[in-house]
Structure formats: structure tokens, C-alpha cells
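Working notes, beginning with the structure itself.
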Amino acid sequence: MTSHPSGTESRDSNPEDYPKPLLEHLEELRLRIIYAILFLLIGTIIGFGIAQKYLFKILVSPLLAIPAAKLLMLGPADKLIACLKIGFLSGVALALPFILHQLWLFLRPALTRDEKRYLLVVLFSSIILFFLGISFVFLIMTPAALRFLLTMNLDITVEPTIAIDKYFSFLLGLMLAGGLVFQIPLISWFLAKLGILSSRGMSKARRFAILGAAILSAALTPTGDPINFTLLAVPIYALYELSILIVHFSQRKPSASPLE
């Protein structure tokens with residue numbers, strides 16, 4: 001990090017990177033929000049088209065992989081509503097890079113060079129972690145949860161038939177929760193860079209992290225069954241432990257010389 005003789009941190013020479021008057025700042029915020037909403041709308045429209053042709057079949061595959069499992073329509077608009085839900089989540093995923101770019105453009109003038117570098121890491125990593133989270137839920141968590149829930153041994157025979165609306169509310173809710181939960185290491189790293197978190201403090205707070213993982217899992221789990229609760233609570237706590245390592249290495253300083 002370099003500094004001017006006045007003691008303030010240096011900024012890039014680009015005139016756009018200097019603070020603006022308040023009214024101009026608010027006008028730019030309004031413009032960035034409009035662009036973000038526009039990108040989300042375009043992404044949702046594209047996602048709806050993809051949902052009709054491809055994603056609907058892909059997302060029901062974990063359910064149909066279970067013998068005798070079926071989807072049930074309880075209303076004439078069930079398929080349309082499901083595709084709209086899939087399209088919206090797909091739109092969020094497609095528009096996320098563009099929305100974060102708008103956030104970057106808005107915050108850039110107020111940041112120093114090092115802060116810009118940190119923010120770029122946060123924005124880029126958040127996209128990767130979001131997709132890792134939804135992939136984990138779809139590929140690992142959902143098949144295990146469905147096998148447990150639909151193949152339980154009961155004294156009576158129960159046909160494993162699920163309403164379309166119920167299934168996609170269950171699945172998309174879990175996927176969105178997974179994408180958000182996987183941001184924990186990134187948030188921890190960013191807070192550590194701001195001096196708010198330390199690896200030592202996080203290590204001492206493990207018992208509270210376990211309780212927090214349980215509470216967060218219960219809040220994010222669409223159903224109250226123990227398998228979903230466990231499948232979400234365990235990764236949440238594992239991400240907390242990973243966050244401790246990330247914070248620890250991010251706080252390490254170059255080793256001092258033997259004479260110091």
C-alpha cells in the first residue's frame with residue numbers, strides 16, 4: 001500500500017475513482033439499481049426459456065431416480081408456476097455477475113487501491129461459492145434427502161407421489177440456502193481483513209458456532225425432518241472450520257528476521 005505525503009492512501013489516476021457530490025452519488029446509485037433490476041429481468045426471461053426446455057427435466061431427475069416416485073399436478077398452472085420459480089432462480093444465477101459488477105462500479109470511487117483488490121476478490125469468489133453451494137445441494141444433499149424421506153419403512157404402503165409445487169419449493173429453497181451458506185468463508189475473510197474477526201476468536205467461539213449452525217440449518221431447511229437438518233448443519237459447521245483456516249492464513253505476516 002502506498003501513500004501520499006499527506007498520509008492518505010493513494011487512488012488510481014482515473015478521475016472516475018474520486019468521490020462525487022452527494023446528489024450525483026445518489027443519482028448513480030439509482031442508475032446502478034435500475035441496471036441491476038434490468039439484468040435480473042433479462043436473466044429471468046432467459047432462465048424461464050431454459051427451464052422449459054432443459055432445467056425442469058434436470059431438476060426432477062433426483063426424484064424420478066427413486067423407484068415408483070412420481071410428480072403430481074394439483075392444478076392446471078402447476079407446471080407454469082414451477083417453471084417461473086426455476087426461471088427466477090436461474091435469472092438470479094445468470095444476472096449475479098452483472099449485478100455484482102454494478103456494485104463494483106458504484107463502490108469503486110470510494111475505495112483505496114488495496115480495498116479495490118479485496119472487493120474484487122470478494123465479488124469474484126462470491127459467484128464461485130454461490131454456484132458451489134447450489135451444486136452441493138442438488139448433487140449431494142437432495143438425492144440423499146429424497147431417498148431417506150421417500151423410502152422410509154412404514155407399516156403401510158405409501159405411494160411416493162409429490163405435488164409439483166411442493167417439490168420445487170423444497171428443492172429451490174434448499175438450493176438458494178446452499179448458495180447463501182457457502183458465502184460463510186468469504187464473509188469471514190472479508191471481516192478479518194477489516195480487523196473485525198480473528199482466527200483465535202473464532203476458535204474460542206466454536207461452541208457458539210455449533211449452536212449457530214443448528215439454528216441456521218433449522219431456519220433454512222424447508223422441512224422439519226432430521227436428515228435435511230443434518231445435511232445442512234454439518235456443511236455449515238464445516239464451512240466455519242474452513243473459515244478459521246482462511247482467516248488464520250490471511251492474518252499471517254512475513255516471518256521476522258532472526259535479529260528482530
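The numbers here are math on the coordinates, done by the rules we state, and not lab data. The shown structure was predicted, so the numbers you read here are calculated from the model rather than taken from an experiment. Neighbour counts are summed over all protein chains in view; Cβ atoms, including those assigned to glycine, are modelled from backbone coordinates with ideal geometry.
In terms of packing, defined here as the mean over residues of other Cβ atoms within 10 angstrom, the peptides 169-175, 80-86, 198-204, 237-243 line up highest first as 169-175, 80-86, 237-243, 198-204.
Note on region 20-179: Lys pairs 8 or more places apart or on different chains, Cα atoms under 24 Å apart, count 14. 3J(HN,Hα) along region 193-201: 5, 7, x, 8, 10, 9, 5, 5, x Hz, from the Karplus curve 6.51 cos²θ - 1.76 cosθ + 1.60 with θ = phi - 60°, whole Hz, x for Gly and Pro. Taking 7 Å steps out from each Cα toward its Cβ at residue 80 and residue 238 produces label points 4.1 nm apart. Compared with the alpha-carbon gap, the fully stretched path from residue 210 to residue 132 is longer by 25.9 nm at 0.36 nm per residue. For residue 144 and residue 120, a Förster radius of 45 Å and the Cβ-Cβ distance give a FRET efficiency of 0.80, rounded to the nearest 0.05. Taking only the Cα atoms of region 183-249, the radius of gyration and Dmax are 12.6, 39 Å.
Would you mind putting 185-193, 208-216 in packing order, based on average other-beta-carbon counts within 10 Å, highest first? Don't skip to the answer; put the middle values down first.
Values: 185-193: 19.0, 208-216: 15.2.
Highest to lowest by the protection proxy: 185-193, 208-216.
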